[in-house]
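The numbers here are math on the coordinates, done by the rules we state, and not lab data. All of these numbers come straight from a predicted model, not from anything done at the bench. Ideal geometry is used to build each Cβ from the backbone, glycine not excepted, and the neighbour counts take in all protein chains shown.
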Ligand SMILES: CC(C)(COP(=O)(O)OP(=O)(O)OC[C@H]1O[C@@H](n2cnc3c(N)ncnc32)[C@H](O)[C@@H]1OP(=O)(O)O)[C@@H](O)C(=O)NCCC(=O)NCCS
C-alpha cells in the first residue's frame, strides 16, 4: 500500500461529481469550492505530449467555469517533471496536506456514538456550522451523499442537538475517514475521539486493513488527535494553481 493506492481509494470514497481519466490523469470536478474534488490527480502518465495534456486539462476546467488545479502527491504523480512544467506556466503550489494512515484495529464501539449506514439528516447542521459558506456546505454534503457503500456515519447528540460527526467509507481493504467535525462549543470534551473510535470499529467490521485520512498540515488539533489514535504521515500533497 503506497500513496498512489491511497489516492486512488480517495477518488472512490470521497467522490467528485465528475471523474474522467485522460492519459492516466484523473480530472475531478464538483462545485469548485474544495480542493480534492476540483483538481487533476496526475497519478499515471500514459500520454506522449505533457504540454498538450496540460492544455487539455485547462480547457476541460474552463469549460466548467473552474480554474485549473493539479493535486500532486509526493511519490505518486507522473510524469516526474510535471512540477517544473507547471511552474514554467505560472502555477504555484499551496496547501500542503498530510495523508495519514494506520492499521485498522477492532475495538469496542463507544456507546455515546450513533452509527448510520446512510447519511443522516443530523449531519446537516454540523456541516453547515463548520463550513465557511453555503457553497462549501453544499459541496461537502453532496460528496457525502455520493459516498459509495459500505459507508458509515457517526453522530453524537447532546441535549437533542448533534454536536459531533464523522464519516468512513471503504473500497477493498482501504477505508477513508472524512468529515470529522465537532461543533465549536463542544470541542475539547473528547467527542471527536469517540467518533473516531466508532468509525474505526466500523472499518474493522468491514474487514478493512488500512485506514487513511487527509489533513491540512497546519491543522494542529486534528493532527494531534489522529497521531494519538495511532495514525502516522505517509505522504504530503499540494495543490498547484495559477497565481
Ligand atoms: C479536530 C476536531 C474534530 C477535534 O474535535 P474535538 O471534539 O474537540 O476533539 P477531542 O476533544 O476528541 O480531542 C481529542 C484529541 O485531539 C487533540 N486536540 C483536539 N483539539 C485540540 C486543540 N485545540 N489543540 C491541541 N490538540 C487538540 C488532543 O490530542 C485531544 O486529546 P486530549 O484532549 O486528550 O489532549 C475539531 O477541532 C474540529 O471540528 N475542527 C474543525 C474541523 C476540522 O478541522 N476537522 C478535521 C479535518 S481533517
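Using the Cα atoms as the points, what is the convex hull volume per residue of the chain in Å³? Don't skip to the end; give the middle numbers.
Numbers: hull volume 28.6 nm³, N = 243.
Spread over its residues, the Cα hull of the chain gives 118 Å³ apiece.
Just from its helices, what would the mean residue ellipticity at 222 nm be for the chain, if runs of 4 or more DSSP H residues each count -39500 (n - 2.57) and the sum is divided by every residue, rounded to the nearest 500 deg cm²/dmol? If you can, show how the numbers build up before the last one.
Values: 7 runs with 77 residues, N = 243.
Taking each H run of at least 4 residues, the total per residue is -9500 deg cm²/dmol.
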Computed over the Cα atoms of the range 146-233, what is the convex hull's projected area averaged over all directions, in nm²?
6.1
Rounded, prolate or oblate (a/c below 1.5 giving rounded, otherwise prolate when a/b exceeds b/c) for the range 124-175 by Cα gyration tensor:
oblate
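Provide 197, 36, 187, 149 in ascending order of the number of other Cβ atoms located within 10 Å of each residue's Cβ, fewest first. Don't skip to the answer; put the middle values down first.
Details: 197 18, 36 21, 187 13, 149 10.
Least to most surrounded, the residues fall as 149, 187, 197, 36.
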Three-way shape call for the range 3-96 based on the alpha-carbon gyration tensor, with the a/c threshold at 1.5
rounded
Rounded to whole Å, give me the distance from the Cα center of the range 57-92 to that of the range 128-154.
26
Geometric extent, Cα atoms of the range 184-243 - Rg, Dmax (angstrom):
14.2, 45
